[in-house]
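Data first, discussion second: the structure below is written as structure tokens.
Read-outs throughout are calculated quantities, based only on the coordinates presented, and are distinct from any laboratory measurement. All values derive from a computational prediction rather than experimental measurement. Glycine also receives a Cβ, built like all others from the backbone with ideal geometry; neighbour counts cover every protein chain displayed.
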Amino acid sequence: MRMTPRLIDSLYVEAMLLADEARAYFDDQGREERGALDPLLRVSFSCESLKVTTRLMHLVAWLLTERALDAGEMPPGHMSDAARRLGETAPSDETLIARLPDMAGKLIAASQELYARVARLAESALIEEPQPSPARGLMSRLERAF
């Protein structure tokens, strides 16, 4: 199933807004809240903030690749290349998240949920990737040329 440009744009905006919210939290309020935690939990808090960032950056990179594909800047076969697939991320420990400040837990959960949604879409696109039509390819090249 190919995703529509509108869906790609919507997911991209959602990922960027969540990335901005996470950055603002982990740079300001989260830093203060982290300081109040015991030392081992502080390290875990920092690791989870990196996991959130990694998840979101993988999403943004994959969605930008999808945009390039839809714009005709990449041939369709490139999405099946392992380097173009949605990157793997480390799972978060739910029992640990329960011990972190509420806002940190909410951001972690939101990043996991968004990543899971996009991963399902990416997987279904990979499984159901249609074979490109030579006629459509020619029409697409003509449209871009004129």
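Below, the figures for the structure above:
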{"item": "Cβ-defined net charge surrounding Leu37, 12 Å radius [Lys, Arg +1; Asp, Glu -1]", "result": "0"}
{"item": "Cα gyration tensor shape for the chain, rounded if a/c is under 1.5, else prolate or oblate", "result": "prolate"}
{"item": "Relative contact order (%) - the chain, alpha-carbon pairs under 8 angstrom, separation at least six", "result": "35"}
